[in-house]
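Undergrad: The following block contains the structure, expressed as structure tokens.
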Amino acid sequence: MENKLYFYNTLTKKVEQFIPREDGKVSMYTCGPTVYHYAHIGNLRSYIVEDLLEKTLRYLGYDVKRVMNITDVGHLSSDADTGEDKMLKGARREHKTVMEIAKFYTDAFFNDCGKLNIKTPDVVEPATNCISEFIHVIQTLLEKGYAYESGGNIYFDTSKLKEYYVLSNQSEKELLVGVREDVEEDGNKRNQSDFVLWFTKSKFDDQELKWESPWGTGYPGWHIECSCISMKNLGEYMDIHCGGVDNIFPHHTNEIAQSEAYLGHKWCNYWFHINHLNDKSGKTGEPAKMSKSSGEFLTVSLLESKGYHPLAYRLFCIQSHYRKPMEFSYEVLDNMGAAYDKLVKRIGTLKKEGEVDKGQFAEYKEAFQAALCDDLNFSMALTVLYDMLKSEMSDATKYALAESFDEVLSLDLTTAHAAKQEAQRVDAALERYILEKIEERKAAKKERDFAKADAIRAELLEKGIALEDTREGVKWKCVK
């Protein structure tokens, strides 16, 4: 590769050059959603950055295979094997089956991803597809002495590993500082850091999804699924594993432990983590970690209902470094929305016809790639875009560069302005049509042709327009 990509590797605690195991090819895994509720925009920051990483790799010429799991079983409300199953919680909340909840929120997740121009990974694998793989790996860990049965459940024995805390670079004592006193302790564990590989009815007797196993009827723990889904689709080695910083411990720590114990060799060379999005839009105005249980539940749909374009939120994420926490507020998003509209309008007015200056194109593409390769400095990549638009070059060259940069940025740079204008034309035409129909209905009622008047109302309702007769005249609104 002409450009050498550098980014921060959580495993080595430094920014280092990315060198894949196989020249020109990248195997990449990203932890997917637990589909018991809508994804909030804090969750989606991680998926946006992971999408930018994948598209950067492709832009630099790599052949990328990206795999993502869908957690539809086994994720408890605490990542440390305590609390209740999130899927069961969602099913009870909405009086549906677990699989109905999983299907609905999986579809909702990918709908949000589509609005944010997040590419669907090459492989998307629900955990419930891989029960036989989970059982096989757990059996092997038992045979190797890395796992044990206790109280009906199967646990991984972390004391068998010398470097269990290699990813977090902390000791067990440090990681347990601040643990809530009200968290239930599992008396079946030999060590407090051990984790569940397979639950039986001794944990949850009312679990809706459960399978037969050599250890009794039950279901897999959360941590085992990512290891098995990755190995099933990417093989025994992986180049990059991604997730949010809250996944570092215990989830990714446990993934490394069980995977390398099973395989007998190093599993993944690069661990890529994205920092939190903090919410500053709540009552106090103070930044707080975004969650589904605190403050206003910030989703893509909520932002849309308030008039924000989803890609304005993508731009908001791009302009901040992935390793820094971000603070969300509507004031900042207002500014991003204005900046986005201005940017796409500027590009949308470029005349794309004409000759592209190959020298200028290569110069700015090189600067753009250099920003990407510098620990994924997307903010600097945006600066290259703005500098290019202000420079002395032909519209055709600017348009070609914007189109090229958008392979990574995915902001619809060359199409958004035209799409907005077309939507405005459609809205204006629709309004004219509605007003004409209202006048036609008014005339029909004046002629006492009430059948025709009712037919016009029905025709509009079929198109999603409801009429209301008021003292001030006829009012209309969209109902779908």
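Undergrad: For region 301-351, what does the equivalent ellipsoid look like in terms of its semi-axes, each the square root of 5 times an eigenvalue of the Cα gyration tensor, given largest first in whole Å?
TA: 21, 15, 8
Undergrad: Step through the table entries Lys119/Lys210; Lys65/Lys365; Lys280/Lys390, compare each Cα-Cα distance with 26 Å, and write down the pairs that go over it.
TA: Lys119/Lys210; Lys280/Lys390
Undergrad: What is the gain in length, in nm to one decimal, between Thr470 and Asp374 on full extension, counting 0.36 nm per residue of separation less the C-alpha to C-alpha distance?
TA: Result: 28.3 nm gained on full extension.
Undergrad: Oh, and also: Asp246 to Lys119: FRET efficiency via 1/(1 + (r/R0)^6), r the Cβ-Cβ distance, R0 35 Å, to the nearest 0.05?
TA: 0.90
Undergrad: Moving to a separate point now. Which aspartates and glutamates have a Cα lying under 13 Å from the Cα of Lys55, excluding residues fewer than 8 positions away in the same chain?
TA: Within the straight-line limit of under 13 Å, Lys55 reaches these aspartates and glutamates: Asp63, Asp122, Asp406, Glu407.
Undergrad: Can you run phi through the Karplus equation (6.51, -1.76, 1.60; θ = phi - 60°) for region 111-124 and list ³J(HN,Hα) in whole Hz, with x for Gly and Pro?
TA: With the stated coefficients, region 111-124 comes to 5, 4, 4, x, 5, 9, 6, 8, 5, 5, x, 4, 10, 10 Hz.
Undergrad: Give a quick list of trypsin sites (Lys or Arg not before Pro) in region 1-61 that DSSP marks as loop, anything other than H, G, I, E or B, with at most 16 other Cβ atoms within 10 Å.
TA: Filter output for region 1-61: Lys4, Lys13, Arg21.
Undergrad: Indicate the gyration tensor shape class of region 22-142 (rounded, prolate or oblate), computed on the Cα atoms with a ≥ b ≥ c the square roots of the eigenvalues: a/c under 1.5 is rounded; otherwise a/b larger than b/c is prolate and the rest oblate.
TA: In terms of gyration-tensor shape, oblate.
Undergrad: Then there is this: By how many nm would the segment from Glu327 to Ile19 grow when fully extended, if each residue of separation counts as 0.36 nm and the alpha-carbon distance is taken off?
TA: Extra length available between Glu327 and Ile19 comes to 107.6 nm.
Undergrad: Determine the gain in length on full extension of the stretch Glu185-Glu459; use 0.36 nm per residue of separation and subtract their C-alpha separation, reporting nm with one decimal.
TA: My answer for the length gained is 92.3 nm.
Undergrad: When the scattering of region 333-403 is computed by the Debye formula from its Cα atoms alone, each counted once and equally, what is log10 I(q)/I(0) at q = 0.15, 0.17, 0.19 Å⁻¹?
TA: -0.52, -0.65, -0.79
Undergrad: With a 1.4 Å probe and every protein chain left in place, work out the accessible area per residue of the chain in Å², rounded to a whole number.
TA: 48
Undergrad: Next up: Computed from these coordinates, which is Cα extents along the principal axes in Å: (i) 76, 66, 53; (ii) 118, 54, 42; (iii) 87, 64, 42?
TA: (iii)
The values are calculated or read from the model by the stated rules, or taken from the named source; none is laboratory data. Remember, it's a predicted structure, so these values are computed and weren't measured experimentally. Quick reminder, even Gly has a Cβ in these numbers, built from the backbone with ideal geometry, and neighbours come from all protein chains shown. Ligands, DNA and RNA are excluded from the accessible area calculation, which covers all protein heavy atoms including side chains. Shrake-Rupley method; radii C 1.70, N 1.55, O 1.52, S 1.80 Å.
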